[in-house]
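Pasting in a structure now, in structure tokens, and then I'll have a few things to ask.
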Amino acid sequence: LRTRANVEVYAWMPLMAFELPPQHPAAAHRVAQASGGAPGYPRLSPYSPAARAAIRELFEDLAQHAFLSGIVIHDDATLSDFEDDSGWARAHHRDVWRLPESVGAIRSDPDAFARWTRLKTEHLSLFAREVGDAVRRTHPGAKLARNYYARPILEPQSQAWFAQSLPDALAHFDWVALMAMPYMEGARDPERWLTALVHRVAQVPGALEKVVFEIQTRDWRSGQPLPAATVERHLRTLQRAGARSIGYYPDDFIGDQPPLGAVRSTISVRAPMSVWPPGPRPPGVSR
């Protein structure tokens, strides 16, 4: 891909959703839910030193055995408003952040809950930066991107449900791969939803330069690919709204889904300049 298509290749990696061998000392160091929380990804706790070390080593091994231009952190890098209630997290709450130990006690105190939300949002970003630094020891110029959900941007109060914040992301990452996926979010009017998302991002200074709007090419509710005309319409909607960088997922290049013709005119670097918003041509990004 790098030598023949002249593109930069990023490795798309989880941050915490690893299953270590049963005999590994950190295999059982998992994120724990407080009472009342809904199950999420099975993840290693980002508060466990042993788990963090194991994850860092995986990124170091990847960097030493592959040429890559950067890392994209997967959407497993979240903590809900009921996470993490493991022993390692409780010790961190108490000893580092000077908060009540348990998630239940934190949730019962509005001030502690607000502070905890901010701190754990940054904690995940700093951990992602840590694995990015591990990659850069082998590839000094490697970039770091992170998948983000749309809801924390459209509904800022939902930061507590994801431990994600756009201003925090802009401070820590080279790119933010924003999941601009209206069907996944149950939007009644996909084009209006996409336009609102771009406009909301544009309200944050500097955000349009770093955010890649990533549309979906498959409707996971039905399991079927979206029609080519829908994919093209969504890409053009993002461009008209002012998006600088766009992408799509998934790309079934063997089955030609989405069809190359549906995206060539909007995402190709050979596309006419008129399809882009005014200003320098941004990179077209796809996965």
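Once the principal axes of the Cα atoms of the chain are found, what is the range along each, listed largest first in whole angstroms?
57, 43, 37 Å, listed from the longest principal axis down.
Carbon and sulfur: what percent of the chain's accessible surface (1.4 Å probe)?
Looking at the chain in its full context, I get 54 percent from C and S.
Now for a separate question. When the expected Rg is taken as 2.2 N^0.38 Å, what fraction or multiple of it is the alpha-carbon Rg of region 116-233?
1.16
Using 0.36 nm times the number of residues separating residue 251 and residue 185, minus their current alpha carbon distance, what extension gain do you get?
Additional length available on full extension: 21.8 nm.
Per residue, how much accessible area does region 1-136 show when a 1.4 Å probe rolls over the protein heavy atoms, in square angstrom?
49
Given H placed 1.01 Å from N in the peptide plane, which residues other than close sequence neighbours of residue 257 have an amide H under 5 Å from its amide H?
252
Can you give the local net charge around residue 201? Use residues other than it whose beta-carbon is closer than 12 angstrom to its beta-carbon, Lys and Arg +1, Asp and Glu -1.
Here the charged neighbours net out to +2.
May I pose another question? Residues with beta-carbon under 14 Å from that of residue 46, excluding residue 46: net charge, scoring Lys, Arg +1 and Asp, Glu -1?
+2
In the full protein assembly as shown, how much of residue 24 is accessible to a 1.4 Å probe, in Å² to the nearest 10?
About 60 Å², rounded to the nearest 10.
Ordering 253, 67 by how much accessible area each has at a 1.4 Å probe, largest first, what is the list?
253, 67
What accessible area, in Å² to the nearest ten, does a 1.4 Å probe give for residue 143?
Probe radius 1.4 Å; accessible area of residue 143 about 90 Å².
Just reorder 211, 9 by solvent-accessible area, largest first, 1.4 Å probe, all chains present.
Greatest to least solvent exposure: 9, 211.
How long are the semi-axes of the equivalent ellipsoid of region 66-124, defined as square roots of 5 times the Cα gyration tensor eigenvalues? Whole Å, largest first.
Ellipsoid half-lengths, sorted descending, are 27, 12, 10 Å.
Give the shape of region 12-75 as rounded, prolate or oblate, defined through the alpha-carbon gyration tensor: a ≥ b ≥ c are the square roots of its eigenvalues, a/c under 1.5 means rounded, and otherwise the shape is prolate if a/b is larger than b/c and oblate if not.
Taking the square roots of the gyration eigenvalues as a ≥ b ≥ c, region 12-75 is oblate.
Rank these by accessible area, largest first, 1.4 Å probe: 233, 4.
From most accessible down to least: 4, 233.
Would you mind calculating the relative contact order of region 172-242 from Cα pairs under 8 angstrom and at least 6 residues apart, reporting the percent as a whole number?
Worked out over region 172-242, it gives 40 percent.
Roughly what % of DSSP beta bridges within the chain run antiparallel, to the nearest 5?
Here the share of antiparallel DSSP bridges comes out near 15 percent.
Then there is this: Using a basic spin-label model with each label point 7 Å from the Cα along Cα→Cβ, how many nm lie between residue 130 and residue 12?
2.6
Report relative contact order for region 1-107 in percent, whole number only (criteria: Cα-Cα under 8 Å, sequence separation at least 6).
Here the relative contact order equals 33 percent.
Further question: Taking a probe of 1.4 Å, how large is the accessible area per residue of region 202-257, in Å²?
48
Put +1 on the Cβ of each Lys and Arg and -1 on the Cβ of each Asp and Glu in the chain; which of 156, 263, 250 then has its Cα farthest toward the positive end of the dipole?
Positive-most Cα among the choices belongs to 263.
Computed over the Cα atoms, what is the radius of gyration of region 89-185 divided by 2.2 N^0.38 Å, N being its residue count?
Compared with the compact-globule rule of thumb, region 89-185 sits at 1.23.
The values are calculated or read from the model by the stated rules, or taken from the named source; none is laboratory data. No experiment lies behind these values; they were computed from the predicted model shown. Note that we place each Cβ from the backbone using ideal geometry, even for glycine, and neighbour counts take in every protein chain shown. Note: accessible area is taken over every heavy atom of the protein model, side chains too, but ligands, DNA and RNA are not part of it. Shrake-Rupley method; radii C 1.70, N 1.55, O 1.52, S 1.80 Å.
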